[in-house]
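The values are calculated or read from the model by the stated rules, or taken from the named source; none is laboratory data. Values in this document were obtained by computation on a predicted structure and should not be read as measured data. Positions of Cβ are backbone-derived with ideal geometry, glycine not excepted, and every protein chain shown enters the neighbour counts.
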Amino acid sequence: QLFDLTGRTAVVTGASRGIGAALAKGLADAGADIVASARDAGSLADLEKQVTGAGREFHGLAVDLSEPHSVDAFISDVQSLGAEVDILVNNAGSIERAPAVEHTDEQWDRILGVDLTSQFRITRELGRDMVRRGRGRVIFTASLLSLQGGVNVVSYTAAKSGLLGLTRALANEWAP
């Protein structure tokens, strides 16, 4: 085993499938208890079986990252579990494909809200305790489009590019 996360708690957003599910499973296999989120908590059933099958605790929470009140409720729900968050994986994301000249303000606001603003808010609130304790890990899932741009994905590219800047800013501020 490369590393041991026994006794640690990891929060993974966007954990119902793909990268998020794989990361949550890998963290559980390394010993971490998992708090996973998805738009529909029912979509986390398979992950719950895998995590509990690895002998770890599992909490599945629903959150709509495009709705600020849902983000607030998610943060509150995580905090009410009483566990110290040791690892935060901001994986959830959304994309809207349209030429920039056709991309609406609503599409822009929704994607920036899901892919950047909500992730900052969750990190700020859950990271507050990490900073106080002097330890913790925050992981953001960005995209190669952050570096190379893209075609017909203007809001997604802007949001994921913003995550790179947010990652650097938090590392500079919180790492010491």
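Of note:
- Number of residues in the range 131-142 that are part of a loop (DSSP other than H, G, I, E, B) and touching a residue at least 24 places away in the same chain (Cβ under 8 Å) equals 4.
- For the range 97-130, residues that are farther than 16 Å from residue 78 by Cβ, in contact with a helix residue (DSSP H, G or I) (Cβ under 7 Å, 6 or more places away or on another chain) and assigned to a helix (DSSP H, G or I) total 7.
- Whichever residue in the range 108-131 is among the acidic types (Asp, Glu) and under 16 Å from the mean Cα position of the chain (by Cα) and, among such residues, is nearest to residue 95 (Cα to Cα): 115
- Some residue of the range 57-64 being crowded, with 20+ Cβ neighbours inside 10 Å, part of a loop (DSSP other than H, G, I, E, B) and not basic (Lys, Arg): yes
- Residue match in the range 147-169 (condition: outside any strand (DSSP E or B), out of contact with any His (no Cβ under 8 Å at 6 or more places or on another chain), modelled with pLDDT under 95 and within 23 Å of residue 23 (Cβ to Cβ)): yes
- Scanning the range 1-56 for residues that are in a helix (DSSP H, G or I) and at pLDDT below 95 returns 41, 42.
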